[in-house]
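Quick notes on the structure that follows.
The values are calculated or read from the model by the stated rules, or taken from the named source; none is laboratory data. All values derive from a computational prediction rather than experimental measurement. Note that each Cβ is placed from the backbone with ideal geometry, even for glycine, and that neighbours are counted across all protein chains shown.
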Amino acid sequence: MRAVIQRVKSAEVLVDGHVSGRIGKGLLVFVGVAKGDGESDLSFLTSKIPELRIFEDQSEKFNLSLKEIGGEILVVSQFTLYGDCRKGRRPSFTEAEDPILARDLYERFILRLKEQNIPVQTGEFQAKMEVCLVNDGPVTLILESRRG
């Protein structure tokens, strides 16, 4: 699994002009599922993301996690994180998991975060979405489960 994590002051997702999810201070997390991803990938990301120390303390150092600041998470599925642009001009998505299998991991990803008492909002799996955000920093990180 691959996640692009953005520290935000606020973010929202619109589907067909209607708000699907909206958060204040926290993390906007784009999640992609690769072929062969499973339980260990899911566990790695859902344990790591809420504990990442990427929020500033009083000394303006990255010392606080999402849990410590009481932040929220907006999760958006994004198979294009597995787009391979190395050859030609059109991305290849052969590394992305089949949508039926990917949906299961995506939904379990959300459930695992909620089980940690984190306020979670979401986009809509396989929908065309508009994502609006105010990036805080900016702080943007990439986390891959297979690289540990």
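Need the failing condition index for residue 49 against (1) surrounded by 13 or more Cβ atoms within 10 Å (Cβ to Cβ); (2) under 14 Å from the mean Cα position of the chain (by Cα); (3) without any contact (Cβ under 8 Å) to a residue 12 or more places away in the chain, just the number.
(3)
Give me the residue from region 71-88 that is more than 14 Å from residue 37 (Cβ to Cβ) and hydrophobic (A, V, I, L, M, F, W, C) and, out of that set, surrounded by the most Cβ atoms within 10 Å (Cβ to Cβ).
If we take residues in region 71-88 being more than 14 Å from residue 37 (Cβ to Cβ) and hydrophobic (A, V, I, L, M, F, W, C), then 74 is surrounded by the most Cβ atoms within 10 Å (Cβ to Cβ).
Being part of a helix (DSSP H, G or I), surrounded by 14 or more Cβ atoms within 10 Å (Cβ to Cβ), within 16 Å of the chain's Cα centre (by Cα) and modelled with pLDDT of 95 or more narrows it down to one residue among 41, 37; which is it? Step through it out loud before you land on a result.
Details: 37 fails: part of a helix (DSSP H, G or I).
None of the others qualify; the one that does is 41.
Among the residues in region 57-73, are any aliphatic (A, V, I, L, M), in contact with a Gly (Cβ under 7 Å, 6 or more places away or on another chain) and assigned to a helix (DSSP H, G or I)?
Checked region 57-73: at least one residue is aliphatic (A, V, I, L, M), in contact with a Gly (Cβ under 7 Å, 6 or more places away or on another chain) and assigned to a helix (DSSP H, G or I).
Here are some conditions: (1) hydrophobic (A, V, I, L, M, F, W, C); (2) in contact (Cβ under 8 Å) with a residue 60 or more places away in the chain; (3) within 24 Å of residue 131 (Cα to Cα). Residue 44 meets all but one. Which one does it not meet?
(3)
Filtering region 14-34 down to residues that are of a type in the set (Val, Ile, Thr) and more than 23 Å from residue 98 (Cα to Cα), which residue is surrounded by the fewest Cβ atoms within 10 Å (Cβ to Cβ)?
19
Taking the stated definitions as given, is residue 2 basic (Lys, Arg), closer than 16 Å to residue 143 by Cβ and surrounded by 16 or more Cβ atoms within 10 Å (Cβ to Cβ)?
Spelling it out, residue 2 is indeed basic (Lys, Arg), closer than 16 Å to residue 143 by Cβ and surrounded by 16 or more Cβ atoms within 10 Å (Cβ to Cβ).
What do you reckon, is residue 101 closer than 22 Å to residue 127 by Cβ, assigned to a strand (DSSP E or B) and out of contact with any helix residue (DSSP H, G or I) (no Cβ under 6 Å at 6 or more places or on another chain)? I'd like the intermediate steps shown before the answer.
Working: closer than 22 Å to residue 127 by Cβ: yes; assigned to a strand (DSSP E or B): no; out of contact with any helix residue (DSSP H, G or I) (no Cβ under 6 Å at 6 or more places or on another chain): yes.
No; evaluated as a whole, the condition is false for this residue.
Out of everything in region 126-146 that is of a type outside the set (Val, Ile, Thr) and touching a Lys or Arg at 6+ places or on another chain (Cβ under 6 Å), what residue ends up being surrounded by the most Cβ atoms within 10 Å (Cβ to Cβ)?
136
Of all residues in region 89-125 being of a type in the set (Phe, Trp, Tyr) and either under 16 Å from residue 22 (Cβ atoms) or out of contact with any Pro (no Cβ under 9 Å at 6 or more places or on another chain) (or both), which is surrounded by the fewest Cβ atoms within 10 Å (Cβ to Cβ)? So that I can check it myself, show each step before the final result.
Within region 89-125, the first condition is being of a type in the set (Phe, Trp, Tyr), and the residues that meet it are 93, 106, 109, 125.
In the following step, the residues that additionally are either under 16 Å from residue 22 (Cβ atoms) or out of contact with any Pro (no Cβ under 9 Å at 6 or more places or on another chain) (or both) were identified as 93, 106, 109.
Working: 93: 14, 106: 26, 109: 24.
Only one residue fits best here, namely 93.
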